[in-house]
1. Hey, got a sec? Which chymotrypsin sites (Phe, Trp or Tyr not before Pro) in the stretch 16-116 land in a DSSP loop and have at most 15 other Cβ atoms within 10 Å?
2. Relative contact order (percent) for the stretch 3-137, with alpha-carbon contacts under 8 angstrom and 6 or more residues of separation?
3. Could you give the Stokes-Einstein D for the chain in µm² per second, using the C-alpha Kirkwood radius, 25 °C, 0.890 mPa s?
4. Excluding residues fewer than 8 places away in the same chain, name every one of the lysines whose C-alpha is closer than 22 Å to that of residue 29.
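Laboratory data are not the source of any read-out in this text; all were calculated from the coordinates shown. Every value quoted in this text rests on a predicted model; they were computed, and no experiment measured them. Methodologically, a virtual Cβ is constructed for each residue, glycine included, from the backbone with ideal geometry; neighbour enumeration extends over all protein chains shown.
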Amino acid sequence: MKPALKTAFTNEMAASRAAEAAGDMVCAKHHLERAHILGQRRYWTHVQTHFHMWRLARKQADRKEARGQLVRLIGAGPFHLAGWVPIGNTGGADVSATRPMPIPADLQPYLAGHSLRNGLILRAILVALLAAVYLVLMR
């Protein structure tokens, strides 16, 4: 993750925690959605945002959102491995998990130059290596 992108992601996560601590759950979710947009291209940051969305939903007793976040936590792995990420998606259960969305203008510079194709090629190489190791070890 590029340093500026990492800093922006970290700032959004911190802003979410601060808003939650202040009791402003709407603002906390807003910052988590922005963190999701920034972090969805990396597996760990993607899962991290969904975990925090799930935790926030549980804290608010929002069963629909909590269920939606569990589905997204489970689905993040296979979709990530396949290289399919709906660009700009805010990650909340109130929007389709497969719908690309416009990236807010202030976040666009952090995501400039990102190539899903390059990520897919790297994932394909990783899967091939893992398959080769598995086949060698299972003889």
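1. Counting only loop positions with at most 15 other Cβ atoms within 10 Å, the chymotrypsin sites (Phe, Trp or Tyr not before Pro) in the stretch 16-116 are 84.
2. 20
3. Reported coefficient: 154 µm²/s.
4. List returned: 6, 59, 64.
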